[in-house]
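Heads up: the structure comes next, in structure tokens.
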Amino acid sequence: MKAKFFLFGALLLVGATSCNKTKYGNVTFWQQLGSGFGVTVVTIDGVSSNITSEYNGAPACGETGCAVFNQLETGTYDYAATDGTDVWSGTVTVDEGCTTMELY
């Protein structure tokens, strides 16, 4: 009888831990129209992406011309960006879905 309870408890424990799925999100960095920064290289965790276009307002997630980072585990990341003259750095919080972040 004790073996049955032990086995049942072990199965419950395995089932409970398998429910903790890793969650992912995307980040889109962009710059305002007229910013005059040119190409801006954004880096997160050693991976770089370029901003090559400017926008009047926040673009859609993953928009062409934005620095896009897909499938990041949810959490907070340090980022760095430069256009060769100016430098930006900070943190961005990645939630499920998409986060847009303006560099200015």
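The values are calculated or read from the model by the stated rules, or taken from the named source; none is laboratory data. These figures come from a predicted structure and were not determined experimentally. Using ideal geometry, Cβ is built from the backbone for each residue, glycine included, and neighbour counts are taken over all protein chains shown.
Quick look at the numbers
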item	result
Any hit, segment 14-26, residues being under 20 Å from the mean Cα position of the chain (by Cα), crowded, with 16+ Cβ neighbours inside 10 Å and at pLDDT 95 or above	yes
Selection count, segment 51-104, where residues are closer than 17 Å to L33 by Cβ and in a strand (DSSP E or B)	6
Any hit, segment 79-89, residues being closer than 16 Å to Y24 by Cβ and of a type outside the set (S, T, N, Q)	no
Condition broken by V39, with the remaining ones in (1) surrounded by 15 or more Cβ atoms within 10 Å (Cβ to Cβ); (2) touching a strand residue (DSSP E or B) at 6+ places or on another chain (Cβ under 6 Å) satisfied	(1)
Breaking point among (1) on the phi > 0 side of the Ramachandran plot; (2) at pLDDT below 95, for D45	(2)
